[in-house]
Amino acid sequence: MTRIAAIAVFWTCLLAVLYLLRRQRNVAFWPLLALSAILLFNLFFTPHFYNLEMRGGHLYGVPIDIINHASKVAVLSLGMTLVIGAGGIDLSVGAVMAIAGATMAHLNIEAGMAPGYCILAALATGLLAGMWNGFLVAIMEIPPMVATIILMVSGRGVAQLITSGQIINFNNPVLNFIGNGFILIPFPFILTLVVFGVTYGVTRGTALGFMIEAVGDNEVAARRAGLSAKTIKFLVYVFAGLCAAVAGLVHTSNIRSADANNIGLYLELDAIMAVVIGGTAMTGGRLYLASSVIGAILIQALTTTMYAKDVSPVVAPVPKALVILAVCLLQSERVRRYLADRPNRAQGRGNE
Amino acid sequence: MRQEPLLTMRGIEKSFPGVRALKDVDFTLRSGQIHALMGENGAGKSTLIKVLTGVYPRDGGDMAMEGTRIFPSSPRDAEKFGISTVYQEVNLIPHLTVAENICLGREDRAAGIIRWKKVRERARKALARLELDDGIDVEAQLSDCSIAVQQMVAIARALDIDAKVLILDEPTSSLDEAESDELFSIMARLKKRGMGIIFVTHFLDQVYRVSDAITVLRNGQLVGEYSAAELPRLELVARMMGKRAEEVKRLEKRAAVTTKSGRKTVISVRRLARKGSINPIDFDLNEGEVLGLAGLLGSGRSETAEVLFGVDAADAGEIEIDGRATKVDSPAKAMRLGFGMLTEDRKYSGIIPNLSIKENIILAMQAKLGPLKKIPPRQANEIADGFIKALDIRTPSREQLVKNLSGGNQQKVIIARWLAIHPRLLILDEPTRGIDVGTRAEIEELIRKLRDEGMSLLLISSELDEVVRNSQRVLVLRDRNKIAELAGEDISEQRILHTIAQ
Ligand SMILES: Nc1ncnc2c1ncn2[C@@H]1O[C@H](COP(=O)(O)OP(=O)(O)O)[C@@H](O)[C@H]1O
Ligand SMILES: [Mg+2]
């Protein structure tokens with residue numbers, strides 16, 4: 001009985017948020033609408049989907065799994081939003097995750113360092129990787145796609161070097177906690193909220209967000225207005241590298257081993273997809289941070305739903321792609337203009 | 001009795017969020033008529049044309065070609081009704097050849113394979129009808145051709161589809177005089193064949209040279225349709241501006257020369273040069289004075305300004321400010337020294353199109369403050385509202401995206417961006433390019449006001465009369481060299497032309 005009441009309260013809140021977003025023409029409306037559709041589907045067709053349980057002070061349930069598993073991509077997508085907003089792209093974040101994970105595991109197991117130092121060192125590798133990308137794009141002026149493919153391809157090699165080609169297993173309570181811990185809700189999602197808070201604070205608490213948007217929308221004009229486009233572009237890659245390191249720690253900790261070949265594999269694509277679903281234009285400009293996180297959760301919700309419905313993993317990408325395509329189309333100005341004008345068109349034809 | 005009109009538009013309505021761009025507009029085009037569409041920036045000219053060519057669906061009203069109602073859904077669709085358009089930015093594909101561009105979408109095919117020989121043949125024929133066949137190589141890549149040739153190609157495309165209506169939106173703004181003449185003679189020929197031509201331009205001379213009829217729009221409404229022969233120039237300008245004729249006369253008057261000798265020099269430029277851009281040049285910029293730069297296109301006017309503002313760093317010479325020599329190697333540096341620069345190409349290097357008016361206005365100010373000192377939202381709103389009011393920027397709100405403003409209003413936003421940092425030197429490169437008469441007068445007023453408040457200004461304009469009217473001193477440039485400096489009473493159009501021609 002209380003569960004039904006809780007579900008009713010949840011849906012009322014969700015619909016209210018949707019209504020408000022729609023009224024403000026907020027871009028987060030579309031990904032949230034799609035997410036709601038999936039939740040609605042599950043309400044009717046997936047038994048136990050909404051069953052949340054408290055066990056030992058931890059919250060368990062399918063929705064909790066979704067936000068837990070979405071965390072890696074959500075963190076990546078926050079850094080990626082800044083990069084894409086500044087008119088760039090970072091294809092190397094998956095490989096950087098592997099480097100960060102390898103560093104953490106290697107220092108803990110082979111060098112016997114304390115977990116705190118392992119984590120700091122891993123974050124430093126992300127920082128370094130971001131600086132490398134930033135250097136190539138901002139200083140050497142290599143097109144972002146090309147510049148970041150270099151690290152995307154070579155990064156896993158670097159990670160293999162660090163682990164000497166081995167899969168390093170570890171078992172340290174602190175390191176395990178990053179990807180598996182709970183503080184009521186899963187720690188990876190708490191990390192996501194923290195990274196979101198930091199990203200939001202850094203971009204909106206200062207003028208950096210505005211400057212990124214200006215550079216991404218018209219770099220030439222931004223430079224003529226006295227902005228240092230180089231510095232800004234450099235910084236967004238550094239930030240994306242840092243986010244990738246955080247995501248790498250989560251992933252590595254989650255499987256308790258540094259597997260250089262598989263950590264973060266293809267996640268750069270999911271991150272880019274989350275950003276696009278969120279409504280940030282691939283050509284740069286406005287940043288939509290919260291919307292990107294919703295995009296990441298949407299991708300994970302689709303995947304989880306497919307598992308729950310026993311859709312064969314072979315065909316699962318197809319329905320997933322269709323939903324993503326639909327959201328991307330709705331985000332496109334052109335399609336939206338067409339839909340908005342449809343009544344007029346129909347009228348026009350009718351008069352003919 | 002007059003023949004039945006070729007094209008009629010009746011009661012056309014079109015709204016954008018927050019803007020009613022067209023209100024009950026009528027427009028009538030007859031065959032064999034050149035019809036000028038006039039109005040200030042933002043009057044709705046481009047919108048009317050876009051409605052006609054199916055870029056935007058109309059909200060209301062009727063359109064008919066030779067009595068048949070039409071509902072074009074895209075420019076391509078409009079071509080099917082015989083309506084062909086040459087936009088200001090040539091809308092062809094630069095990497096294709098001339099022939100491909102003329103026949104694009106209607107290539108001759110055999111079994112699905114394009115027959116290139118046929119295509120080239122057809123392209124030549126279309127150019128021949130313009131008597132241009134020997135001047136233009138149909139196999140040349142379009143991007144290698146001059147803007148003038150590109151426009152001719154666009155017109156040839158119109159001929160190839162047997163268009164009955166040809167629309168030219170600001171066709172001459174990037175053409176030199178000879179090229180414009182060529183265009184006008186082509187227009188005359190097309191007119192003789194019975195084509196109806198809609199012509200949008202800011203140049204009054206050209207309107208009177210070629211048009212038969214003039215339709216004037218103002219704030220999205222029809223002011224009236226006139227016969228060109230019966231509408232005096234002053235009257236036309238007055239109607240476009242919604243002002244009385246006497247008022248117009250006053251605005252066009254030359255500024256009184258107020259130079260007092262011994263004004264304080266703010267900036268001295270000494271032997272400033274950059275290879276391939278400008279040869280060593282000297283000049284002073286004084287407090288409360290406008291220094292004009294005159295010269296033909298390519299004489300080094302914009303290049304001088306860009307080196308001064310650090311867009312392209314100088315490789316020799318120096319800039320002396322308050323008696324101290326400095327190097328300006330980036331716009332950021334120039335800004336810290338108190339320079340501002342309105343660039344020549346608004347779209348390319350001026351506006352941030354997808355950001356709001358407010359954000360565009362505070363951009364330079366924020367850049368100067370650095371990323372950590374964010375301008376508080378309240379203050380940003382006040383600054384934006386202040387400039388929207390002071391410069392009379394026409395917009396429903398400060399949150400409107402700049403790309404949705406008309407050219408003149410965009411220009412004002414960028415001027416506001418620079419005024420917000422209280423520069424001591426403001427460089428204005430073509431401040432009135434592509435802008436209607438009314439806004440032009442307002443910008444000239446503003447230049448005078450800033451000068452009187454003690455600002456130093458550097459003014460570049462292709463319109464000689466504008467330089468003459470507004471400058472206290474004029475540098476004349478030729479082939480990247482300064483060839484003369486005129487002051488006070490010596491400044492006149494004749495004198496400048498004479499100097500250049502020497
Ligand atoms: N796509 C658009 N969205 C919103 N407003 C627009 C759009 N296009 C034009 N406008 C507005 O409509 C009015 C008319 O613009 P336009 O037709 O471009 O004027 P003109 O070509 O006469 O200078 C202006 O106020 C302009 O800001
Ligand atoms: Mg226009």
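Nothing in this text is a laboratory measurement; each read-out follows from the coordinates by a stated rule. Quantities reported herein were computed from a predicted structural model and do not represent experimental measurements. No Cβ is skipped: glycine too gets one built from the backbone with ideal geometry, and neighbour counts run over all protein chains shown.
Observations on the structure shown:
- Between the C-alpha center of the stretch A:129-183 and that of the stretch B:64-121 there is a gap of 51 Å.
- Prolate is the label for the stretch B:318-371, because a/c, from the alpha-carbon gyration tensor with a ≥ b ≥ c as root eigenvalues, is 1.5 or above and a/b exceeds b/c.
- For the stretch A:21-93, the Kirkwood hydrodynamic radius from C-alpha pairs, put into Stokes-Einstein at 37 °C and a viscosity of 0.692 mPa s, yields a diffusion coefficient of 218 µm² per second.
- Taking 0.36 nm per residue of separation and subtracting the current Cα-Cα distance, fully stretching the chain between residue A:337 and residue A:131 would add 70.2 nm.
- Averaged over the residues of B:370-378, the number of partner chain Cβ atoms lying within 10 Å of the residue Cβ comes to 4.
- Overall form of the stretch A:81-214 per C-alpha gyration tensor (a/c, 1.5; a/b vs b/c): oblate
- Over all projection directions, the Cα-based convex hull of the stretch B:5-252 averages an area of 14.4 nm².
- Across the cross-link table entries B:275/B:358; B:50/B:449; B:23/B:125; B:50/B:347; B:327/B:374; A:72/B:347, which are compared at the Cα atoms, the separations over 31 Å belong to B:275/B:358; B:50/B:449; B:23/B:125; A:72/B:347.
- Angle between chain B longest axis and helix B:177-192 axis [Cα atoms, degrees, rounded to 10]: 20 degrees
- For the stretch B:351-422, projected area of the alpha-carbon convex hull averaged over all directions, nm²: 4.3 nm²
- With R₀ fixed at 41 Å, the C-beta to C-beta distance from residue A:169 to residue B:399 puts the FRET efficiency at about 0.15.
- Peptide-level mean, for B:52-62, of C-beta atoms on other protein chains within 10 Å: 2
- DSSP bridge orientation in the protein assembly as shown - percent antiparallel, rounded to nearest 5: 60 percent
- Working ranking of peptides B:48-61, B:9-22 by packing, defined as the average number of other Cβ atoms within 10 Å per residue, highest first, is B:48-61, B:9-22.
- Taking all pairs of distinct alpha-carbon atoms in chain B, Kirkwood radius in angstrom: 24.7 Å
- For chain A, the Cα-based Rg and Dmax, in that order, read 21.3, 81 Å.
- Look at where the Cα atoms of the stretch B:362-401 and of the stretch B:286-355 average out, and the two centres are 23 Å apart.
- Of interest is the spacing of the C-alpha centroids, which for the stretch A:14-48 and the stretch B:424-502 amounts to 59 Å.
- Note on residue A:44 and residue B:312: the model spin-label points, each 7 Å out from Cα along the C-beta direction, lie 6.6 nm apart.
- Within-13-Å neighbourhood charge of residue A:50 [Cβ basis; K, R +1; D, E -1]: -1
- Peptide B:359-368, shielding by other chains (average Cβ, 10 Å cutoff): 5
- In nm, spacing of pseudo-spin labels at residue A:19 and residue B:109 (7 Å Cα→C-beta vector): 5.2 nm
- Kyte-Doolittle mean at least 1.6 and Cα axial length at least 15 Å: DSSP H helices in chain A: A:29-45, A:267-278, A:317-331
- Computed P(r) (all Cα pairs; the protein assembly as shown; 20 Å bins; percent): 13, 37, 35, 14, 1, 0
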